[in-house]
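Student: This is the structure I want to talk about, given as structure tokens.
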Amino acid sequence: MRDWFATVLRGVVLNTTCHTLPHNVADHLTRLWVNKMQHNINDDLQFEADDIMGALRELQSNPQHRKGQLFSLLYPAIVEMLEKNVTQKAILATLAKKGLKLHPARFKEMMAMEAQKIPSISGSRVEEEGKE
């Protein structure tokens, strides 16, 4: 490798009077430059892609969607508590205390939506609780 650089430098020095590189040296240097530029471009693109991926991973889901997902996970436990005669008011208070604040009407809507997703779990207790 060292000899190659010496040869290239000798070729450059020998042709400085005519201000052009020998054809084979110029071609080789051009290929080296193109390869280096492609490598730099690929590195730049990878850096940019990594930066964007990091920013995307820091995003949080829409709060309403997140509430819905959380409620879906809690639905079986909520139905269980309603079947044990725990009041809707007590359930709403506990949910709010834990960060899932819902209006009673929204709670009923979400219970009905979950009941449609999972028809095997009864949602009849919710209707009774709404009369309180």
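The values are calculated or read from the model by the stated rules, or taken from the named source; none is laboratory data. For clarity, every value in this text was computed on a predicted model and none was experimentally measured. Positions of Cβ are generated from backbone atoms using ideal geometry, with glycine treated the same way; all protein chains shown enter the neighbour counts. Accessible surface is based on the protein model in full, side chains and every heavy atom, while ligands, DNA and RNA are left aside. Shrake-Rupley method; radii C 1.70, N 1.55, O 1.52, S 1.80 Å.
Student: Scan the range 46-68 for residues that are basic (Lys, Arg) and within 12 Å of the chain's Cα centre (by Cα) and report the count.
Tutor: Number of matching residues: 1.
Table: residues versus (1) among the small types (Gly, Ala, Ser); (2) at pLDDT 70 or above; (3) open to solvent by 40 Å² or more (accessible area, probe 1.4 Å); (4) assigned to a helix (DSSP H, G or I).
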residue	(1), (2), (3), (4)
Asp27	no, yes, yes, yes
Arg31	no, yes, yes, yes
Leu45	no, yes, yes, yes
Glu48	no, yes, yes, yes
Ser61	yes, yes, yes, no
Leu100	no, yes, no, no
Met110	no, yes, no, yes
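Student: Continuing with the same structure: Do we find a residue being modelled with pLDDT of 80 or more, surrounded by 11 or more Cβ atoms within 10 Å (Cβ to Cβ) and aromatic (Phe, Trp, Tyr) anywhere in the range 64-82?
Tutor: yes
Student: Any residue in the range 88-97 that is modelled with pLDDT under 90, within 16 Å of Gln69 (Cβ to Cβ) and not hydroxyl-bearing (Ser, Thr, Tyr)? I'd like the intermediate steps shown before the answer.
Tutor: At the first step, the residues of the range 88-97 found to be modelled with pLDDT under 90 are none.
No, because not a single residue in the range 88-97 is modelled with pLDDT under 90, within 16 Å of Gln69 (Cβ to Cβ) and not hydroxyl-bearing (Ser, Thr, Tyr).
Student: Being over 30 Å from Leu102 (Cβ atoms) and hydroxyl-bearing (Ser, Thr, Tyr) is the filter here; which residues of the range 30-64 pass it?
Tutor: Taking the range 30-64 first, the residues over 30 Å from Leu102 (Cβ atoms) are 30-55.
Answer for the range 30-64, where residues must be over 30 Å from Leu102 (Cβ atoms) and hydroxyl-bearing (Ser, Thr, Tyr): just Thr30.
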